[in-house]
1. Which lysines have a Cα less than 22 Å from the Cα of Lys2, not counting those fewer than 8 places away in the same chain?
2. Among the aspartates and glutamates, select those whose C-alpha is under 15 Å from the C-alpha of Lys131, and discard any that sit fewer than 8 residues away in the same chain.
3. Using a basic spin-label model with each label point 7 Å from the Cα along Cα→Cβ, how many nm lie between Asn102 and Arg33?
4. Which whole-Hz couplings ³J(HN,Hα) result when phi for each residue of region 152-166 is put into the Karplus expression 6.51 cos²θ - 1.76 cosθ + 1.60, θ = phi - 60°, listed in order with x for Gly and Pro?
5. Show me the GluC sites (Glu not before Pro) within region 85-181 that DSSP assigns to loop and that have at most 15 other Cβ atoms within 10 Å of their Cβ.
6. Which label belongs to the value computed from this structure, given these candidates for Rg/Rh (Cα atoms, Kirkwood Rh): [x] 1.09; [y] 1.01; [z] 0.92?
7. As a footprinting exposure proxy, order Met61, Met1 by other Cβ within 10 Å, with the fewest listed first.
Amino acid sequence: MKRKVILITDGDINAQKAVERAVQNIGGRCISRSAGNPTPISGPEIAELIQEALHDPVVVMVDDIGNPGQGRGERALAHLLTNPDIEVLGVIAVASNTEGVNGVEVDFSIDYTGKIVENAVDKNGHETNTKILYGDTVDILNSFSIPLIVGIGDIGKISGLDKHTRGAPIITKALEEILKRSESN
């Protein structure tokens with residue numbers, strides 16, 4: 001049976017703390033070893049850890065450390081998106097100030113207040129006037145068919161509103177929306 005996985009394109013220490021808290025909030029499992037700036041382990045290693053997780057959904061972080069080219073995070077992401085033992089429920093695409101990227105079209109975003117908005121958001125979680133989200137680990141997503149891409153600002157930060165000490169409400173909302181929409185499909 002395929003493991004149900006949600007991928008997140010951020011993995012620095014602030015994101016890791018917020019994601020771990022959010023995954024607790026939704027009752028999932030977090031592959032904390034995938035966190036790092038850049039992603040410290042390979043796609044095949046992450047896939048093995050996913051198979052060892054106690055239950056679904058399994059949440060994985062990948063990060064390119066601001067590299068506009070294809071870095072370690074994007075290579076791991078590509079492996080997971082093509083792994084036959086994994087069902088990707090959705091990807092949370094994280095905005096950054098990285099220049100020289102194409103960006104990715106989002107289905108919707110969660111803004112800095114936790115509200116669902118139609119367009120992409122910027123690093124601070126403010127809605128933009130386009131559906132294209134710009135981030136350092138998102139361009140690879142254009143090469144795959146993904147059921148749901150949700151935009152979000154810089155996880156664990158967003159002007160302090162998404163900190164793990166505040167319960168990580170914005171990343172929690174993004175995870176909940178992916179789960180809710182994947183169940184209705």
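1. Of all the lysines, those that pass the test against Lys2 - Cα under 22 Å, at least 8 places apart if same chain - are Lys180.
2. Partners within reach: Glu105, Asp107, Asp111, Glu118, Asp122, Asp139.
3. Simple spin-label model gives 3.3 nm for this pair.
4. In residue order, the calculated couplings are 7, x, 5, 4, x, 10, 6, 6, x, 7, 10, 4, 4, 6, 9 Hz.
5. Numbers: sites: Glu87, Glu99, Glu105, Glu118, Glu127, Glu176, Glu177; in loops: Glu99, Glu118.
Hits after loop and neighbour filter: Glu99, Glu118.
6. [z]
7. Placing the least packed residue first, the sequence is Met1, Met61.
None of the figures in this text is laboratory data; all of them are computed from the coordinates on show. All values reported here derive from a predicted model rather than from experimental measurement. No Cβ is skipped: glycine too gets one built from the backbone with ideal geometry, and neighbour counts run over all protein chains shown.
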